[in-house]
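The values are calculated or read from the model by the stated rules, or taken from the named source; none is laboratory data. Keep in mind the model is a prediction, meaning the values are calculated, not measured. Here Cβ is always computed from backbone atoms with ideal geometry, including for glycine, and neighbour counts include all displayed protein chains. SASA here: full protein model, heavy atoms, side chains in, ligands and nucleic acids out. Shrake-Rupley method; radii C 1.70, N 1.55, O 1.52, S 1.80 Å.
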Amino acid sequence: MKNDRRTFIKHAAAAGAFTAAGFPHIWSKNASLAYAQSGQIKVGVLFSLTGTTAIIEESLNKATIMAIEEINAAGGINGMKIVPVVEDPASDPATFAEKARKLVLSDKCVSVFGSYTSASRKAVLPVFERQANLYFYPTLYEGRECSKNVIYTGAVPNQQQDDFVPWLVEKFGKRWYMIGSNYIYPKEENNYCKKLLKSLGAEVIAEEYVPLGHSEFSSVINKFRSEKPNVIFSTVVGDSVVALHRQYRAAGLDPATMPMASLTTSENEVAAMGGDAAAGHFTSAPYFMVHESPENRKFVEAYRKRWGADKVTHFVSESSYFQVYLFKQAVAKLKAGDINPLTIREALKGEQFQAPQGLVKVEPENLHCWLHPKIGQCQSDGQFKILKQSANWLEPNPYSAYPNQKCTAEGLKEI
């Protein structure tokens with residue numbers, strides 16, 4: 001939709017009327033005009049294409065771009081095209097913040113899709129809160145965050161662990177070893193896991209963390225061998241996932257009696273390490289590439305046609321994909337002159353979309369998504385066999401480890 005002279009005069013008059021009401025109203029209306037200028041809607045795409053987490057983030061960039069291309073090919077949003085502005089933050093949280101400021105302030109993107117680690121999300125969060133912009137975060141994460149400026153489309157701890165932990169205890173036993181990368185996500189996930197284990201009468205015999213990008217696990221493997229845990233609960237991320245699995249297999253350990261249970265090992269990491277290295281281990285996620293649904297068949301076929309027949313989809317690329325469609329549906333509700341980050345946020349509340357994993361919904365109170373938990377076991381061909389899936393979608397509870405806290409539309413509340 002073009003911003004022609006008549007539209008300009010109309011909004012200029014409106015801006016004059018707003019003068020009496022105060023400066024913020026003028027800023028807001030002019031910003032809306034800029035966001036929908038020349039029939040284009042600019043959005044930021046902020047995933048690492050280099051650095052230690054590029055192994056996973058490069059696929060999130062691809063899924064996001066593909067969704068934008070599909071929407072534009074189908075006519076855009078009310079005739080307006082989505083224009084992606086792609087930046088590479090190089091797996092560095094400080095660079096994430098720098099690039100986020102550029103996308104919001106210089107490029108005037110109406111929203112930004114991006115990041116994988118909690119460290120990078122925490123780095124950009126002040127930018128979106130200070131500038132009243134909107135950030136779409138596709139990754140599973142530790143919860144315990146309450147922001148009006150983030151749409152969370154990945155799983156939180158209760159959506160990955162409530163079925164997974166009791167199932168593993170029943171199948172394998174009560175002596176657990178925790179190994180994770182050393183940052184906030186693994187520690188918060190482990191806090192919730194320990195709470196579940198305690199309720200099941202299980203115990204944590206060891207808990208340790210390695211630096212991001214760590215690749216030498218011989219001492220950790222030796223502890224696995226000597227301690228003989230029933231389950232190794234892994235929250236290792238990035239390149240380290242590949243190194244841990246390969247060294248576990250090279251040490252001759254057996255996943256049939258000492259499996260690794262992960263919240264982060266997807267088809268993407270398995271493709272990097274080789275199916276044999278991951279075979280027999282378990283992952284809990286809302287989506288696996290083998291999931292049977294018409295929407296998923298279409299998603300997988302389109303992804304491979306666009307990016308290569310050898311490529312895989314996984315639970316973070318799927319959420320990267322469907323969150324763009326949620327954005328599209330929200331913007332489609334708005335008039336061109338009303339498009340801005342805050343009106344998009346309001347339009348997203350309660351929005352539903354038939355995603356590859358199943359029907360998802362944005363919870364109006366906390367802006368997280370209702371998702372479909374599943375448990376998968378990796379096979380030697382690099383794909384997961386889905387062993388269990390929830391009968392219904394599961395409500396997000398970002399504060400499952402902190403029952404006295406609740407994230408609401410008014411902010412964090414003690415209950």
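A few remarks follow.
- Where trypsin sites (Lys or Arg not before Pro) fall in DSSP loop in the range 301-347, at most 13 other Cβ within 10 Å: Lys335
- For the chain: relative contact order, % (alpha-carbon pairs under 8 angstrom, 6 or more apart): 17 percent
- By the Cβ rule of 4.7 Å, the chain holds the following cysteines without a possible disulfide partner: Cys109, Cys193, Cys369, Cys378.
- Considering only the Cα atoms of the range 273-327, their convex hull presents on average a projected area of 4.6 nm².
- Sequence-distant contacts, meaning Cα pairs under 8 Å at least 6 residues apart, place the relative contact order of the range 270-350 at 22 percent.
- Debye, to nearest 20: dipole size of the chain, +1 on Lys, Arg Cβ, -1 on Asp, Glu Cβ: 1040 debye
- Length gained on full extension, Asp310 to Val86: 78.3 nm, using 0.36 nm per residue less the C-alpha separation.
- Fraction of accessible area attributable to carbon and sulfur, the chain (%, probe 1.4 Å): 52 percent
- A simple count of charges around His372, restricted to other residues whose Cβ falls under 15 Å of its Cβ and scoring Lys, Arg +1 and Asp, Glu -1, yields -4.
- Unit Cα scatterers, Debye sum, the range 279-415: log10 I(q)/I(0) for q = 0.17 Å⁻¹: -1.01
- Against the compact-protein benchmark of 2.2 N^0.38 Å, the Cα-based radius of gyration of the range 148-251 scales to 1.12.
- In the full protein context, the range 342-402 carries 39 Å² of accessible surface per residue, based on a 1.4 Å probe and ignoring ligands, DNA and RNA.
- Extension gain, Ala409-Asn222: 0.36 nm per intervening residue step, less the Cα-Cα distance, totals 62.5 nm.
- With Cα atoms, 0 to 90° folded angle of helix 294-307 axis to the chain main axis: 80 degrees
- Using only Cα coordinates, the Kirkwood hydrodynamic radius of the range 367-415 works out to 13.4 Å.
- Packing-based ranking of 152-165, 51-64 yields 152-165, 51-64, ordered from highest to lowest mean Cβ neighbour count within 10 Å.
- Under 14 Å, Cβ to Cβ, from Asp254 - net charge with Lys/Arg +1 and Asp/Glu -1: +2
- Evaluated at q = 0.08, 0.09, 0.13 Å⁻¹, the base-10 log of the normalised Debye intensity for the chain, with identical point scatterers placed on the Cα atoms, takes the values -0.43, -0.54, -1.08.
- Counted by Cβ distance under 11 Å from Gln354, the other residues give a net charge of +1, where Lys and Arg count +1 and Asp and Glu count -1.
- Positive end of the dipole of the range 226-359 (Cβ unit charges, origin at the Cα centre): among Val312, Ala243, Pro294, the Cα lying farthest that way belongs to Pro294.
- Within the chain, percent of DSSP bridges classed antiparallel, to nearest 5: 40 percent
- Scaled to the globular estimate 2.2 N^0.38 Å, the Cα spread of the range 180-324, given as radius of gyration, is 1.13.
- Checking every one of the GluC sites (Glu not before Pro) in the range 164-222 against DSSP loop status and a limit of 14 other Cβ atoms within 10 Å picks out Glu216.
- Derived scalar couplings ³J(HN,Hα) [the range 82-99; Karplus, 6.51 cos²θ - 1.76 cosθ + 1.60; whole Hz; x for Gly, Pro]: 8, 10, x, 10, 9, 10, 10, x, 6, 6, 10, x, 5, 5, 4, 5, 4, 5
- The range 305-371: C-alpha gyration tensor shape, a/c 1.5 cut-off, then a/b vs b/c: oblate
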